[in-house]
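Working notes, beginning with the structure itself.
The values are calculated or read from the model by the stated rules, or taken from the named source; none is laboratory data. It should be emphasised that the depicted structure is a prediction, and the values quoted were computed from it without experimental measurement. Quick reminder, even Gly has a Cβ in these numbers, built from the backbone with ideal geometry, and neighbours come from all protein chains shown. Heavy atoms of the whole protein, side chains included, go into the accessibility calculation; ligands, DNA and RNA do not. Shrake-Rupley method; radii C 1.70, N 1.55, O 1.52, S 1.80 Å.
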2 protein chains.
Amino acid sequence: MEEIRKDNTEEKILEAARTVFTKKGMDGARMQEIADEAGINKALLHYYFRSKQKLFEAIFSHVFKQIFPDIRSFIQAQKPIEEKIKIFSARYMELLMLNPYLPAFLLRELQRDPEFLASVIKSQGVNPGELLTMLKAEMGSGQIKNMDPRELLINLLSLIIFPVAAGPLLQIMFFGDDPDAYNEFLTRRKETIATFILHSILVK
Amino acid sequence: MEEIRKDNTEEKILEAARTVFTKKGMDGARMQEIADEAGINKALLHYYFRSKQKLFEAIFSHVFKQIFPDIRSFIQAQKPIEEKIKIFSARYMELLMLNPYLPAFLLRELQRDPEFLASVIKSQGVNPGELLTMLKAEMGSGQIKNMDPRELLINLLSLIIFPVAAGPLLQIMFFGDDPDAYNEFLTRRKETIATFILHSILVK
DNA sequence: AATAAATTTAACTATTTGGTTAAATTTTGA
DNA sequence: TCAAAATTTAACCAAATAGTTAAATTTATT
């Protein structure tokens, strides 16, 4: 059936575009390079996606969904706050370690075109309200210290995302330019982030 | 004297280039736009800086020095660790709030060309060794909990840099797209970052 | 005033790049 | 086998852009 074939080619293109776009950004990416990476020619690339912009938007939305996944999928409401934070940071770190280019790509593009970002956020229905409410509840029940829940969540995201986004820099400055040493560090972080945060916020 | 005049124009160019490059990145920046921003024409721009690459390298090094300033200048060795961390995060936050485009610019470009980054780091003699040694000493004397000092320093940098780098995103997602609310948040952070960290690492 | 340097003007080159086109070929489903 | 869809080939166009050039003009130095 054409559909399978079409899906395959479309998949190949999207995968290739993701690779090139996340590494080089919208401005640095070349349609020819995406075609090469997908193992097709430029004519076919435009046959599937009319323009670079269209292709970019498809990639951006996709990547955005990836990096703001459905939080409910990895937070179980009934678990204690310790578990929630441990699981959240471990899962998120794993996600980023599999896609190390995503954070810096997102940060770069959202600076280039904040309006587009806003439209994606709206259309995607990203809403941290639920998470914030949950944190607020934990504070109300005295499990963790009282503070602006946004601050706590942003701290958590900072500790998870920044070390991946700044990977090349940290690797050189702190790990003797050794990718293995850096990756071991990231792996350890899956646990140490939660520890670090919990030490700070748990009411003892 | 020509020197003063030359300096003025060169300064104007560097300032303009900094503005355009940090906002749009190497790939997105246009020489014409830099010339316009500097209030000169393209011919003169090339008269001062032979190529876009040369100009970019000048900017990158400059920006890099800014964002990795001489740490000794704002950490006094004799103060207790609480003070050191408070002052460090407050000063660093102030620096970034005055230059909000720097973090995302750095992250973007270091991903585009890690080799160039490495050469800049070497030539600039950036070396966190001193800071790490200081932290290790504080741990040895029982002031703060024992941990990998790199982890502590990276946590500190994460909490400071990420919320600025992800500014446009956070502003939309957490602050109702209100720049004032977001900026107040950043201002509060000058203190809350230190509090958050100290709660986590101080030996009570 | 004379000279040299800084700056502008404006046209131009060469290259890159996104995108198109049309014809040929291959693949696929009916 | 036939028709439609997918893919390739190869040439092409138009726009953007980095960089150049040379002459004219302005500004500063002596």
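Would you mind stating whether B:LYS12 is within 16 Å of DNA strand D (Cβ to nearest atom), part of a helix (DSSP H, G or I) and either more than 30 Å from B:LYS145 (Cα to Cα) or open to solvent by 20 Å² or more (accessible area, probe 1.4 Å) (or both)?
yes
Which of (1) under 30 Å from B:THR195 (Cα atoms); (2) touching a residue at least 60 places away in the same chain (Cβ under 8 Å) does B:SER61 not meet, given it meets every other one?
(1)
Might you let me know whether the stretch A:144-164 holds any residue that is under 18 Å from the mean Cα position of the chain (by Cα), within 8 Å of chain B (Cβ to nearest Cβ) and not in a helix (DSSP H, G or I)?
Checked against the condition, which is being under 18 Å from the mean Cα position of the chain (by Cα), within 8 Å of chain B (Cβ to nearest Cβ) and not in a helix (DSSP H, G or I), the stretch A:144-164 yields no hits at all.
So which residues in the stretch B:15-44 are more than 14 Å from every other protein chain (Cβ to nearest Cβ), more than 9 Å from DNA strand C (Cβ to nearest atom) and not in a helix (DSSP H, G or I), if there are any at all?
none
Please enumerate the residues belonging to the stretch A:147-179 that are within 14 Å of B:GLU151 (Cβ to Cβ) and open to solvent by 20 Å² or more (accessible area, probe 1.4 Å).
Matches in the stretch A:147-179: A:MET173 only.
Conditions: (1) touching a residue at least 60 places away in the same chain (Cβ under 8 Å); (2) surrounded by fewer than 22 Cβ atoms within 10 Å (Cβ to Cβ); (3) among the aliphatic types (A, V, I, L, M). A:ALA104 meets all but one. Number of the miss?
Here A:ALA104 clears every test but (2).
Kindly evaluate B:PHE74 against the criterion of being surrounded by 12 or more Cβ atoms within 10 Å (Cβ to Cβ), within 16 Å of the chain's Cα centre (by Cα) and of a type in the set (A, V, I, L, M, F, W, C). Write out each step before concluding.
Working: surrounded by 12 or more Cβ atoms within 10 Å (Cβ to Cβ): yes; within 16 Å of the chain's Cα centre (by Cα): yes; of a type in the set (A, V, I, L, M, F, W, C): yes.
Spelling it out, B:PHE74 is indeed surrounded by 12 or more Cβ atoms within 10 Å (Cβ to Cβ), within 16 Å of the chain's Cα centre (by Cα) and of a type in the set (A, V, I, L, M, F, W, C).
Check whether at least one residue in the stretch A:112-129 is aromatic (Phe, Trp, Tyr) and open to solvent by less than 30 Å² (accessible area, probe 1.4 Å), and report yes or no.
no
Any residue at all in the stretch A:180-189 that is at the interface with chain B (Cβ under 8 Å from one of its Cβ atoms), open to solvent by less than 10 Å² (accessible area, probe 1.4 Å) and assigned to a helix (DSSP H, G or I)?
Yes, that holds for at least one residue.
Can you say whether B:GLU94 is in contact (Cβ under 8 Å) with a residue 24 or more places away in the chain, assigned by TED's automatic domain parsing to the domain that holds B:THR192 and surrounded by fewer than 17 Cβ atoms within 10 Å (Cβ to Cβ), as far as the supplied structure shows?
In short, yes.
Conditions (1) within 11 Å of chain B (Cβ to nearest Cβ); (2) outside any helix (DSSP H, G or I), marked per residue:
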site: A:GLN76; (1), (2): no, yes
site: A:LEU117; (1), (2): yes, no
site: A:VAL120; (1), (2): yes, no
site: A:SER123; (1), (2): no, no
site: A:GLU138; (1), (2): no, no
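Is it true that B:LEU55 is open to solvent by less than 10 Å² (accessible area, probe 1.4 Å) and either within 11 Å of another protein chain (Cβ to nearest Cβ) or outside any helix (DSSP H, G or I) (or both)?
Here the answer is no, as B:LEU55 does not meet what is asked.
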